[in-house]
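Everything on this sheet refers to the single structure shown next.
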Amino acid sequence: MIARRQLLALILAAAAACGRPAPSEPAAPAEARVISLVPAATEMLFAIGAGADMVAVSSFDRYPPEVERLPRVGALIDPDFERILSLRPTLVVVYASQDELIARLGAASVPVYQYVHAAEGALAHIPRTMRELGQLLGREAAAEEAAGAIEGAIERIRQQVAGRERVRTAVVFGREAGALRGIWVAGGVGFLHEALEAAGGGNVFADIRREGLQASTELMLARAPDVIIEIRTSGGVDASPLEAWGRLAAIPATRTGRIYELTDPLFSIPGPRIVEIVRTFARVLHGDEVVAAAGP
Amino acid sequence: MLLQATDVAFSYHRHAIRRGVPVPLVLRGISVVVPHGSVVGLLGPNGSGKTTLLKVLSGTLAPTAGTILLDGTPLGSYSRRALARRLAVVPQDTHTAFDYTVLDMVLMGRYAWLGPFELEGPDDRDAALAALEATGTSHLASRLFPTLSGGEKQRVVIASALAQLDIRNGLRAGSSETRRPLLFLDEPTASLDLRYQLECATLLERLHEQHDVTMVLSTHDLRLVQAICDSVVLLREGRVLAAGPTAEVLSPAAVSALYDVDTPLVEQLLA
Amino acid sequence: MMLLRRRRTIVIAGLASTLVAVVLAPFAGSTSIAVARVFDPSVPFADNLDAQIFFLARLPRALAAAVVGGTLAAAGVVFQGLLQNPLTTPYTLGVSAGASLGAMCAITFGAWLPFGTVTAASLAGAGLAVFIVYALARARHRGISTTVLLLAGVTLNAFFSALILFVQYVSDFAQTFRAIRWLMGDLDVAGYATLGAAAPLLLVAFAVFAWIARPLDLLTLGADAAASRGVDVTTVQRAAFFSASLATGAAVSIAGPIGFVGIIVPHLVRLVVGADHRIVLPAATCLGATFLVLCDTIARTVLAPLELPVGIITAVIGGPFFLWLLLRAR
């Protein structure tokens with residue numbers, strides 16, 4: 001796993017080097033035509049002020065609202081190569097795992113940025129990716145500003161919750177509606193885990209080194225979280241999550257009613273809005289005043 | 001009269017008939033009588049409708065037209081179960097998807113005598129053992145059916161049919177007429193070698209004589225017909241070409257007309 | 001004929017093994033629980049974590065494994081008898097594909113479906129598949145044609161699989177992941193409500209199984225031969241098809257399409273007790289129940305605290321065994 005991650009990092013570095021325009025031709029932002037197949041990267045591109053350069057996005061992009069006017073050119077498993085090529089992009093942001101697309105774009109001499117989904121160090125990965133994109137597009141200053149703002153905001157929340165007791169929390173991101181079945185929770189790596197820890201929570205599944213796992217009834221009972229944060233970005237909506245969880249009375253969260261439902265799709269995207277995720281978690285775990293004290 | 005078929009026709013295209021569409025008939029205008037205690041042979045070339053006629057006479061298929069009476073009652077008014085207690089069928093060959101023992105196979109013949117959730121009792125076991133005894137297959141009882149030879153299988157399936165008809169009743173003096181068993185056999189000797197053919201013929205003759213089993217059998221075997229059939233029905237293209245006592249009907253001329261072969265050749269066969 | 005005493009011994013041994021498995025399985029698990037505290041009446045149940053783990057997590061799960069395993073094995077026996085083919089599984093006729101499609105739809109489009117839960121949706125999908133296959137098998141035949149049934153089932157399986165792929169294609173990553181996990185089978189029912197809801201359906205199915213056990217023996221001789229021995233062939237075929245399909249649908253809606261139980265258990269049982277359905281059915285039910293309880297106990301302990309999908313365990317055991325059967329059958 002580690003080896004694979006290192007390998008991916010190397011590929012990323014190499015790709016970034018390849019994708020960078022030659023020094024003799026300074027990048028002119030006005031000419032840039034950017035396509036992103038990665039929703040998180042799309043948000044980053046807008047955050048660093050490259051929104052006007054975007055010519056197409058993936059079929060899963062929903063944010064920012066400006067993407068709605070852009071053409072869709074597929075996603076991870078179904079990129080539309082011809083469409084991408086016909087838009088004459090100067091940079092295409094793809095998933096590092098899209099080997100075939102990368103090879104074909106390479107053959108067509110289209111610059112590519114390979115986006116790596118980082119499970120470990122996910123929070124630091126977001127500003128780092130933004131800076132890399134900024135370099136590629138000649139927007140270093142804007143990228144630095146946006147990335148620095150993210151780092152600063154998260155750090156301030158960290159400091160606010162530093163003295164407080166960590167709240168034992170389970171982050172549930174999937175569950176059958178109306179039942180306690182198919183419960184998917186955030187494990188000990190990934191942006192949800194790191195956001196939770198940054199917000200002063202203690203992930204009850206931190207010891208399981210996976211981004212997500214299916215938690216059995218027994219595991220939920222045994223880990224006994226004080227708070228359950230349910231993220232529902234798609235699929236069935238429960239009339240009352242409290243009622244569903246109430247069947248497991250031994251879980252402290254069900255007794256105190258500290259079960260929170262978060263339905264914004266932003267909770268599934270490790271992009272610049274990670275700050276909002278951390279803030280929301282902190283608000284749920286420690287109250288509004290913590291977030292207010294941390295400032296904007 | 002045990003079984004009487006009058007002006008029977010049959011077609012496999014049932015839906016077409018309901019819609020009034022003209023359909024090819026496999027059997028047309030067939031009338032057959034089977035007196036009890038008789039052995040009736042059905043003769044005819046391949047595709048003449050012998051197997052279909054056996055299925056129609058035994059109630060497996062319902063006739064498209066005409067009537068079939070068993071003891072004066074229409075065949076269609078018997079329930080499956082009631083019919084199975086009166087008549088049994090030995091098909092040309094029998095395969096099983098699973099490994100049943102010979103005794104299992106014979107006991108399956110007792111189905112019609114049992115209630116929905118009933119297991120076979122001592123009486124059924126007696127009937128099965130008697131049937132094994134009558135067919136000379138007692139020694140095979142615990143063998144797996146698929147491991148038997150063709151001739152052994154044939155005799156076991158006949159035993160199953162006898163268990164179904166309960167031949168023990170046939171043995172009893174003064175048994176009521178409606179308990180007289182009726183056995184249908186579809187080409188019983190077709191896939192057997194000479195020795196088993198002879199054994200089979202002997203077995204059928206013995207069943208007829210000792211156990212008072214009335215039989216209707218289809219066959220290509222002229223010698224078998226000569227040996228055990230009281231009467232024959234000659235079938236050709238779904239119609240009765242000739243019918244009557246074996247000695248009268250089974251003339252070289254009739255047989256040669258039936259099969260489209262030279263008369264002298266048939267004379268040799270019938271000699 | 002199998003002696004009555006031997007039949008009774010087999011059934012009692014089967015029931016005993018199932019009972020032992022269901023009672024013992026809850027004592028194993030990913031967490032260590034204090035057994036003394038589980039049965040301590042002085043601690044209120046709401047505060048008794050050990051008791052809740054035992055009675056709300058493990059025991060219903062062991063029961064679900066027994067119910068699903070027994071049902072799949074029995075349905076396998078009935079389908080094999082109906083189609084006169086020992087290589088038939090409960091999933092051959094498309095029931096599980098229908099159930100899976102229903103579940104996929106519920107996972108992906110849950111917000112827009114009228115019925116809430118994945119279980120209900122998969123049961124509805126199974127019902128749809130049963131209806132289509134039956135309508136096809138009836139259309140061209142008096143009674144049911146087993147050949148048409150088989151072909152319709154295989155075709156429907158392929159068609160529904162394509163629809164499942166389509167649903168997965170339009171769903172997002174998280175949904176696809178959940179959907180794939182559902183297909184691997186999961187017996188964590190978290191309480192008794194699901195089992196209670198399935199019970200009436202399964203009771204009816206098993207009552208029908210008991211009634212058709214003997215006719216199934218005769219059906220394996222062929223439809224005409226069975227009819228001439230007094231079997232009402234069409235009624236029995238219809239009863240076998242609907243009871244086994246609905247039982248399979250219920251089992252799959254509870255636990256997902258757990259593979260191999262419905263084929264290896266009937267075969268193992270036949271090797272030991274012979275072919276008579278009246279003993280094969282109860283024996284297969286008991287062995288299937290015991291087998292799945294064991295598989296699920298392995299599934300939830302071997303990688304604790306993570307869980308292996310139970311379908312993987314049954315496949316790892318069942319796949320090689322099935323190949324061995326194929327080679328042996330020659």
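Test A:Gly257 against the stated conditions and say whether it is surrounded by 21 or more Cβ atoms within 10 Å (Cβ to Cβ) and touching a helix residue (DSSP H, G or I) at 6+ places or on another chain (Cβ under 9 Å). The answer is no for A:Gly257.
Residue by residue, here is whether (1) within 25 Å of C:Ala179 (Cα to Cα); (2) in the same structural domain as A:Tyr63 (by TED's automatic domain parsing); (3) among the polar types (S, T, N, Q) holds:
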position: A:Gly190; (1), (2), (3): yes, no, no
position: A:Ser216; (1), (2), (3): yes, no, yes
position: A:Ala224; (1), (2), (3): no, no, no
position: A:Glu230; (1), (2), (3): yes, no, no
position: A:Arg255; (1), (2), (3): no, no, no
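Is it the case, given these coordinates, that C:Ile298 is surrounded by fewer than 24 Cβ atoms within 10 Å (Cβ to Cβ), assigned to a helix (DSSP H, G or I), out of contact with any Ser or Thr (no Cβ under 7 Å at 6 or more places or on another chain) and not aromatic (Phe, Trp, Tyr)? Steps first, please.
Details: surrounded by fewer than 24 Cβ atoms within 10 Å (Cβ to Cβ): yes; assigned to a helix (DSSP H, G or I): yes; out of contact with any Ser or Thr (no Cβ under 7 Å at 6 or more places or on another chain): yes; not aromatic (Phe, Trp, Tyr): yes.
The answer is yes for C:Ile298.
When the range B:1-46 is limited to residues that are β-branched (Val, Ile, Thr) and closer than 12 Å to B:Ile68 by Cα, the one that is surrounded by the most Cβ atoms within 10 Å (Cβ to Cβ) turns out to be B:Ile30.
For residues that are part of a helix (DSSP H, G or I), buried (at least 16 other Cβ atoms within 10 Å of the Cβ) and within 12 Å of chain A (Cβ to nearest Cβ), tally how many sit in the range C:39-68. Walk me through how you get there before you give the answer.
Within the range C:39-68, the first condition is being part of a helix (DSSP H, G or I), and the residues that meet it are C:45-47, C:49-68.
Okay, now just the ones that are also buried (at least 16 other Cβ atoms within 10 Å of the Cβ), so C:49-68.
From what is left, the residues that are within 12 Å of chain A (Cβ to nearest Cβ) are C:49-62, C:64.
The number of residues fulfilling the criteria is 15.
Residue-level check: of (1) in a strand (DSSP E or B); (2) touching a Lys or Arg at 6+ places or on another chain (Cβ under 7 Å), B:Ala5 misses just (2). Would you be able to say whether some residue in the range B:140-159 is part of a strand (DSSP E or B) and of a type outside the set (A, V, I, L, M, F, W, C)? Within the range B:140-159, not a single residue is part of a strand (DSSP E or B) and of a type outside the set (A, V, I, L, M, F, W, C).
Does A:Leu213 satisfy the condition of being surrounded by 23 or more Cβ atoms within 10 Å (Cβ to Cβ), out of contact with any Phe, Trp or Tyr (no Cβ under 6 Å at 6 or more places or on another chain) and within 14 Å of another protein chain (Cβ to nearest Cβ)? No; evaluated as a whole, the condition is false for this residue.
Of the residues that sit in the range C:44-88 and are more than 10 Å from the chain's Cα centre (by Cα) and β-branched (Val, Ile, Thr), which one is farthest from B:His95 (Cα to Cα)? Across the range C:44-88, the extreme among qualifying residues is C:Ile53.
A:Gly271 meets each of the listed conditions (1) buried (at least 20 other Cβ atoms within 10 Å of the Cβ); (2) modelled with pLDDT under 90; (3) not in a helix (DSSP H, G or I) apart from (2). Summed over the range A:51-103, residues that are buried (at least 16 other Cβ atoms within 10 Å of the Cβ), of a type in the set (Asp, Glu) and touching a Phe, Trp or Tyr at 6+ places or on another chain (Cβ under 9 Å) total 0. What do you reckon, is B:Thr147 more than 20 Å from the chain's Cα centre (by Cα), of a type outside the set (Lys, Arg) and farther than 25 Å from C:Trp211 by Cβ? In short, yes.
Considering B:Leu132, B:Leu192, which residue is outside any loop (DSSP other than H, G, I, E, B), buried (at least 18 other Cβ atoms within 10 Å of the Cβ) and not charged (D, E, K, R)? Can you show your working first?
Working: B:Leu192 fails: outside any loop (DSSP other than H, G, I, E, B).
None of the other options fit; the residue is B:Leu132.
Here A:Asp288 does not fit the description of being acidic (Asp, Glu) and touching a residue at least 24 places away in the same chain (Cβ under 8 Å).
Checking each residue in the range C:177-233 for being at the interface with another protein chain (Cβ under 7 Å from one of its Cβ atoms), buried (at least 21 other Cβ atoms within 10 Å of the Cβ), more than 28 Å from C:Leu123 (Cα to Cα) and at pLDDT 90 or above picks out C:Arg214, C:Asp217, C:Leu218, C:Ala225, C:Ala227, C:Ser228, C:Arg229, C:Gly230, C:Val231.
Scan the range A:262-279 for residues that are of a type outside the set (Val, Ile, Thr) and either in contact (Cβ under 8 Å) with a residue 40 or more places away in the chain or within 20 Å of A:Pro241 (Cα to Cα) (or both) and jot them down. Explain how you work it out, then say what you get.
Of all residues in the range A:262-279, those of a type outside the set (Val, Ile, Thr) come to A:262, A:264-268, A:270-273, A:276, A:279.
Of everything in the range A:262-279, those that are of a type outside the set (Val, Ile, Thr) and either in contact (Cβ under 8 Å) with a residue 40 or more places away in the chain or within 20 Å of A:Pro241 (Cα to Cα) (or both) turn out to be A:Leu262, A:Asp264, A:Pro265, A:Leu266, A:Phe267, A:Ser268, A:Pro270, A:Gly271, A:Pro272, A:Arg273, A:Arg279.
Taken together, B:Leu103, B:Leu54, B:Leu83 contain a single residue that is part of a helix (DSSP H, G or I), within 11 Å of chain C (Cβ to nearest Cβ) and more than 24 Å from B:Ile17 (Cβ to Cβ), which is B:Leu103.
Among the conditions (1) away from every other protein chain (no Cβ under 11 Å); (2) closer than 25 Å to B:Pro188 by Cα, B:Pro24 misses just one, which is (2). Examine the range B:61-76 for a residue that is farther than 29 Å from B:Thr189 by Cβ and within 14 Å of chain C (Cβ to nearest Cβ), and state whether such a residue exists. Yes, the range B:61-76 contains a residue that is farther than 29 Å from B:Thr189 by Cβ and within 14 Å of chain C (Cβ to nearest Cβ). Within the option set C:Ala275, C:Ala283, being in a loop (DSSP other than H, G, I, E, B) and under 25 Å from C:Asp217 (Cα atoms) holds for one residue only, C:Ala275.
Screening C:Arg328 against (1) within 14 Å of chain B (Cβ to nearest Cβ); (2) touching a helix residue (DSSP H, G or I) at 6+ places or on another chain (Cβ under 9 Å) leaves a single unmet condition, (2).
Note on the range C:133-176: among residues that are under 20 Å from A:Val185 (Cβ atoms) and free of Cβ contacts under 8 Å to residues at least 60 places away in the same chain, the one that is surrounded by the fewest Cβ atoms within 10 Å (Cβ to Cβ) is C:Phe173.
The values are calculated or read from the model by the stated rules, or taken from the named source; none is laboratory data. Keep in mind that this is a model prediction, so the values were computed, not measured. So basically every Cβ, Gly included, is an ideal-geometry build from the backbone, and we count neighbours across all protein chains shown.
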